[in-house]
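The values are calculated or read from the model by the stated rules, or taken from the named source; none is laboratory data. Given the structure is predicted, the values throughout are model-derived calculations rather than measurements. Ideal geometry is used to build each Cβ from the backbone, glycine not excepted, and the neighbour counts take in all protein chains shown.
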Amino acid sequence: MASTCRPLSPHLRALPDNSVVRSFLCIPLTSRFFAVKPAFTSLRVNSSSSRFRFGRIRASMAEIVTPKSKGKVKLFDTEEDLAVSLAEYAADLANKISKERGSFTVVISGGSLVKSLRKLVEQPYIDSVDWSKWHVFWVDERVVPKDHPDSNYLLAYNEFLSKVPIPAGNVYAINDALSAEGAADDYETCLKHLVKTKILDQSQSSGFPKFDLMLMGMGPDGHIASLFPGHPLVQENKKWVASIKDSPKPPPERISFTLPIINSSANIALVATGASKATPVYIALSDVSNSDVLPVQLVAPEGELTWFLDNGAASKL
């Protein structure tokens, strides 16, 4: 049946409305690791003022090319430098695609990723970005009320969405009144509706929606979205959005984009900060073979993958 995206129902608890952004739901008409040792075989630094030594850089930013060409890799001395570059990257991409297509579809995750977006709400981006063209989605979400501390929506609202004039109807949050399975089905139905109405582009090769930009973080165990190492959900290749009730990281009930929808993206920015991410970063970007493939190793978009790493996350390269 058809799907519509409607505002929060009266019986749901809504966050305070600042007259700029509020939550919208996608509600259909039907309710429903690793022992690794070898180092890089080769590494090239693309920076005239940087020296790469033992995986560390002596400049605010440098780029490296990995042996397996795993996308662009940008290294930063500090997380602050990373946040500045990420804002410039997202703003430039948004303005370019908005002019070409009339809209910009962006997917965000929770955790430290939202913190890394903080420069977008500052000058020069707050006034130079055409926020009216943005359509915002979540790569995964915890099935909790929107005012719950575990909510990815709440984190994004407090740190980002409440500070930029994205139209309320362009923010697609899950229906937290449903079960995990129901919320996943509901979100997928909404995405299909948006593909049908041409808000979302569609991959010609995979048939999955093709988001303009996916901004993702990564866990210390190498998980992305709510796709965890060794979990069967990593192998899901039919559904667009799937539910998980036994997440190894609490809360246990979540919804998540599947790997095929992630890899259908036109652009993916994979952001990792801190020394706790160093090992999975090393595994994902090196020639190393490990018996247990990490979900982050499976990120291979149709378009372009760009890594944003601070010194801590890059410390084992």
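Details
- Test result for K192, closer than 27 Å to L154 by Cβ and surrounded by fewer than 21 Cβ atoms within 10 Å (Cβ to Cβ): yes
Yes or no, residue by residue, for (1) under 18 Å from the mean Cα position of the chain (by Cα); (2) in a loop (DSSP other than H, G, I, E, B):
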site: E141; (1), (2): yes, no
site: K146; (1), (2): no, yes
site: P149; (1), (2): no, yes
site: Y153; (1), (2): yes, no
site: A156; (1), (2): yes, no
site: G169; (1), (2): no, no
site: N175; (1), (2): no, yes
site: L178; (1), (2): no, yes
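- Scanning the range 204-223 for residues that are at pLDDT below 95 and under 17 Å from L305 (Cβ atoms) turns up S205, S206.
- Residue match in the range 228-242 (condition: of a type in the set (A, V, I, L, M, F, W, C), modelled with pLDDT of 95 or more and surrounded by fewer than 18 Cβ atoms within 10 Å (Cβ to Cβ)): no
- Boolean, K192 is at pLDDT below 95 and closer than 21 Å to V107 by Cα: no
- Hits in the range 183-236 (condition: of a type in the set (D, E) and not in a helix (DSSP H, G or I)): D201, D212, D221, E236
- Failed item, numbered, when E63 is tested on (1) of a type outside the set (A, V, I, L, M); (2) more than 17 Å from the chain's Cα centre (by Cα); (3) outside any strand (DSSP E or B): (3)
- Cross-chain or 6+ apart pairs with Cβ under 6 Å, the range 119-131 first and of a type in the set (A, V, I, L, M, F, W, C), then in a helix (DSSP H, G or I) and modelled with pLDDT of 95 or more: L120/A87; V121/K163; V129/A91; V129/A94
- Top-ranked residue in the range 258-284 [being touching a helix residue (DSSP H, G or I) at 6+ places or on another chain (Cβ under 9 Å), aliphatic (A, V, I, L, M) and not in a strand (DSSP E or B); ranked as surrounded by the most Cβ atoms within 10 Å (Cβ to Cβ)]: I261
- Restricting attention to the range 138-170 and to residues that are β-branched (V, I, T) and under 25 Å from I244 (Cβ atoms), the residue that is surrounded by the fewest Cβ atoms within 10 Å (Cβ to Cβ) turns out to be V144.
- Of all residues making up the range 84-109, the number that are assigned to a helix (DSSP H, G or I), under 27 Å from T258 (Cα atoms) and among the hydrophobic types (A, V, I, L, M, F, W, C): 7
- On the stretch given as the range 108-140, residues that are under 26 Å from G222 (Cβ atoms), modelled with pLDDT of 95 or more and among the small types (G, A, S) total 2.
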